[in-house]
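Novice: Got a structure for you, written out below as structure tokens; questions coming shortly.
A short reminder: the numbers here are calculations on the coordinates, not readings from a lab. Here the structure is a predicted model, which is why all the values come from computation and not from measurement. Cβ: placed from backbone, ideal geometry, glycine included. Neighbour counts: every protein chain shown.
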Amino acid sequence: MTKKLEVPKESGKDHIHTIVKTALGEVPLAGGALAELFSAIIESPFQRRKKEWMENVVDAINELKEKGFSPDNLRDNEQFISAVFYASHLAMKTHQQEKIDALRNAIINVAEGVEPDEALQQIFLNYIDQFTLLHIKLLRFALERNVPDTIYMGSLKSILSSMHPELATKESLVDLVWKELYTGGLVTHETLIGGLSKDGLRQKLTTEMGDRFVKFIKKR
């Protein structure tokens, strides 16, 4: 189920920025100048995010132009325009660079027709918003992982711990996130626990939907 699109609201930091600017503006005689100086040096977090995202969009458009897309091609591509607007709202809600990169890659991939189904485009954009970085990390692990030649049998959890030692102490969280990926139809195995052969440990664990989502957010 897709989430209702919500216009991003100002954060507490934005309100503080506004309060300080207003207070400076009330200083007798020099108030206006002080307020403008403050705004010039201390930028609103919301405005900063918007500016940084717009730079990402311009960069994406330039990349598409280098690949042969003309401005007219992009202007007339309604799926691309809708994806840019939708991704822009989502970009305002996160500070995590990996999510910003995923949104940027997604709008490029929409223009290139990587995922032609418009319903899935919106679902996948919502996944970027809803998923944590751990969801994305585990999904990429499910798609492809490095298994040493010296290992002939073991569990997926042990391979995950060897690849991402920082997750060794987050077993409950990893299990919860993996379960969500399984329930969402993105991975084929319900759990990371259980002995598997060398071939089993190397086997792709993503579903077709999981494959399509990873492809949708991947830089080509």
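Novice: Amide H neighbours of residue 187 under 5 Å, counting only residues 5+ apart in sequence or on other chains, H built in-plane at 1.01 Å?
Specialist: When sequence neighbours closer than 5 places are left aside, the close amide H contacts are 182, 207.
Novice: Where the Cα atoms of the range 45-130 are projected onto their three principal axes, how long is each span, largest first, in whole Å?
Specialist: 34, 25, 18
Novice: Which of 97, 70, 114 sits closest to the plus end of the dipole of the range 45-130, meaning its Cα is farthest towards the positive end, when Lys and Arg get +1 and Asp and Glu get -1 on the C-beta?
Specialist: Positive-most Cα among the choices belongs to 97.
Novice: What order do you get for 147, 58 when you list them from fewest to most C-beta neighbours inside 10 Å?
Specialist: Details: 147 19, 58 10.
Ascending number of Cβ neighbours within 10 Å: 58, 147.
Novice: Could you sort out which of 198/219; 99/215; 93/170; 50/215; 157/218 sit more than 18 Å apart by Cα distance in this structure? Write out the running numbers ahead of the final one.
Specialist: Values: 198/219 30 Å; 99/215 14 Å; 93/170 25 Å; 50/215 26 Å; 157/218 25 Å.
Too far apart for the 18 Å limit: 198/219; 93/170; 50/215; 157/218.
Novice: Only counting other Cβ atoms within 10 Å, I'd like 152, 127, 182 sorted with the fewest neighbours first. Don't skip to the answer; put the middle values down first.
Specialist: Values: 152 11, 127 22, 182 18.
Ranked by crowding around the Cβ, least crowded first: 152, 182, 127.
Novice: Still on this structure, I have one more. Would you mind ranking 178, 53 so that the residue whose beta carbon has the fewest other beta carbons within 10 Å leads the list?
Specialist: Fewest-to-most Cβ neighbours within 10 Å comes out as 53, 178.
Novice: In the neighborhood of residue 120, defined by Cβ-to-Cβ distances under 14 Å, what is the net charge if each Lys or Arg adds +1 and each Asp or Glu adds -1? The partial results should precede the final answer.
Specialist: Working: positive: 212, 215; negative: 115, 117, 118, 208, 211.
Taking every Cβ under 14 Å from that of residue 120, the sum is -3.
Novice: Continuing with the same structure: Residue 56: net charge of surrounding residues, Cβ under 9 Å, Lys/Arg +1, Asp/Glu -1, itself excluded?
Specialist: Numbers: positive: 104; negative: 52, 55, 59, 101.
With Lys, Arg at +1 and Asp, Glu at -1, the net is -3.
Novice: In addition: Local charge sum around residue 148 (other residues, Cβ-Cβ under 12 Å, Lys/Arg +1, Asp/Glu -1)?
Specialist: Numbers: positive: 145, 198, 202; negative: 149.
Combined, the nearby Lys, Arg, Asp and Glu give +2.
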